[in-house]
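Remarks on the structure that follows.
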Amino acid sequence: MKFYTILLCSLSILSACNFSKKKNDQGKALGKPGDVLVVCTDDLWLSGDLDSLFIKLAPAERPYYPTEYAFKFRQRNVVGFNSTYRATRNILIVERHNNAQYSPATINIMHDKWVKGQVVVEIFFKYIKDLKALTSQDLAAVTEAYEEAEAQRLISHYNAKANKTIQKEIMEKYGISLNLPTGVSIVNNLDDFMRIDIPDRSREMPLDGGSSQTSRANFILSYVLLWQREYTDESYFSREKILQYQDSILKKYAPHEKKGAYLTTEYDTVVYPVDKKFEINGLPMIEIKGQYRIGGRNDVFMGGPFVSYSFVNPKTSKIITLFGMVHGPSEPLLNYIREHKALIRTLKID
């Protein structure tokens, strides 16, 4: 059964690429990042038969806490699924057909079906048992299709709105190019460390020991920290070594406004940092995801998710780390982490 799912996904992707050429003149995909519009009958939506499928398609992002799933699913009845809703960025169509060819269920993944930058996934089934059986299948191709589309939208935005001034400063200091969008600002640039604020939904957080704060109601903080160090041997490119140096950098350059308090990594077993190695444009790097917290004092509480990317600059033989952090009490933060994940994919070393 795994074979048919993968085969159908592959075929549908190929067919969608040809189909999309006829649809690209109809505008760009709309909707909120991380949302998936589910087109199905009201009865199916309310039955609970889709719940386990949603968890499979949108797994929880480890090791972040509290648990946040990859996507939020919102429903639209098939009767009201008109041209307005067909412009949605992420769509999941789940339909029951009284046809033997849909037992077992079939899955089609299509790109740019009605508008640019869109992913449409169709699931057709005959029996509820066939629908439920999908939860035992490998559906990573569906999740990856939605995630890659989200990343490409962000990358396109960064490339189109690149802040040339900050891009130049990063190049001069680290020898790399990053397409941070317009509106960001450098608020700390000392030694081999740089802190960049991402605006729109943030208020000032005194990482540098200052005390100024604004009263903006939307309390979402998002920052990019950059640092570099000499690369001596391969052991420096391990998770534990990177985290050890990360904590020393955060303690030195990211103090809290209250004396003795500073940012540090959370090592509780529930949220212990996880890592993976991969390449961007042939450049090996390590991704580390985890939580940060306040260290040094027991009366100061603050924390949130981070994602970091470390790699060796082949021209300077230094390890560079890009550390993206988000803070927003009681707020979903995964979309902000996606922004940091997309940022590293604009990396260039000239």
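The values are calculated or read from the model by the stated rules, or taken from the named source; none is laboratory data. This one's a predicted model, so the numbers in the text were calculated from it and none came from an experiment. Note: ideal-geometry Cβ built from the backbone for every residue, glycine included; neighbour counts use all protein chains shown. Calculation scope for accessible area: heavy atoms of the full protein, side chains included, ligands and nucleic acids excluded. Shrake-Rupley method; radii C 1.70, N 1.55, O 1.52, S 1.80 Å.
What do you reckon, is residue 56 within 25 Å of residue 338 (Cβ to Cβ), open to solvent by 60 Å² or more (accessible area, probe 1.4 Å) and touching a helix residue (DSSP H, G or I) at 6+ places or on another chain (Cβ under 6 Å)? Taking the combined requirement at face value, the residue satisfies it. Among the residues making up segment 158-170, those that are out of contact with any Pro (no Cβ under 6 Å at 6 or more places or on another chain) and open to solvent by 60 Å² or more (accessible area, probe 1.4 Å) are 159, 160, 164, 165, 168, 169. Of all residues in segment 278-295, exactly one satisfies the criterion of being within 16 Å of residue 251 (Cβ to Cβ) and either of a type in the set (Val, Ile, Thr) or touching a His at 6+ places or on another chain (Cβ under 8 Å) (or both), namely 294. Selection within segment 291-315: residues that are at pLDDT 95 or above and either over 17 Å from residue 344 (Cα atoms) or among the basic types (Lys, Arg) (or both). The member of this set that is nearest to the chain's Cα centre (by Cα) is 291.
Condition check ((1) loosely packed, with under 14 Cβ neighbours inside 10 Å; (2) under 24 Å from the mean Cα position of the chain (by Cα)) across all residues:
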residue	(1), (2)
69	no, yes
73	no, yes
76	no, no
82	yes, no
89	no, yes
93	no, yes
97	yes, no
109	no, yes
115	no, yes
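Tell me yes or no: at least one residue of segment 117-131 is of a type in the set (A, V, I, L, M, F, W, C), open to solvent by 40 Å² or more (accessible area, probe 1.4 Å), under 14 Å from residue 57 (Cβ atoms) and within 21 Å of the chain's Cα centre (by Cα). So far as segment 117-131 goes, no, none of its residues is of a type in the set (A, V, I, L, M, F, W, C), open to solvent by 40 Å² or more (accessible area, probe 1.4 Å), under 14 Å from residue 57 (Cβ atoms) and within 21 Å of the chain's Cα centre (by Cα).
Counting just the residues of segment 310-350 that are among the small types (Gly, Ala, Ser) and buried (at least 21 other Cβ atoms within 10 Å of the Cβ), which one comes out nearest to residue 194 (Cα to Cα)? First the steps, then the outcome.
The first filter runs over segment 310-350 and keeps only residues among the small types (Gly, Ala, Ser), leaving 310, 317, 324, 328, 330, 342.
Those left that are additionally buried (at least 21 other Cβ atoms within 10 Å of the Cβ): 310, 324.
Details: 310: 15, 324: 12 Å.
The extreme case among them is 324.
Among the residues of segment 226-246, how many are within 21 Å of residue 263 (Cβ to Cβ) and either modelled with pLDDT under 85 or of a type outside the set (Ser, Thr, Tyr) (or both)?
Taking segment 226-246 and keeping what is within 21 Å of residue 263 (Cβ to Cβ), we get 226-229, 239-246.
Cutting the leftovers down to either modelled with pLDDT under 85 or of a type outside the set (Ser, Thr, Tyr) (or both) gives us 226-229, 239-244, 246.
Selection size over segment 226-246: 11.
The strands (runs of 3 or more DSSP E) located wholly in segment 18-112 that include 2 or more residues which are under 30 Å from residue 292 (Cα atoms) and at pLDDT 95 or above occupy 35-39, 72-76.
Residue check: is residue 307 in a strand (DSSP E or B), open to solvent by 30 Å² or more (accessible area, probe 1.4 Å), under 16 Å from residue 226 (Cβ atoms) and touching a strand residue (DSSP E or B) at 6+ places or on another chain (Cβ under 6 Å)?
Working: in a strand (DSSP E or B): yes; open to solvent by 30 Å² or more (accessible area, probe 1.4 Å): no; under 16 Å from residue 226 (Cβ atoms): yes; touching a strand residue (DSSP E or B) at 6+ places or on another chain (Cβ under 6 Å): yes.
So residue 307 fails the test.
For segment 267-298, the tally of residues that are more than 11 Å from residue 63 (Cα to Cα), charged (D, E, K, R) and either crowded, with 18+ Cβ neighbours inside 10 Å or touching a residue at least 12 places away in the same chain (Cβ under 8 Å) (or both) stands at 3.
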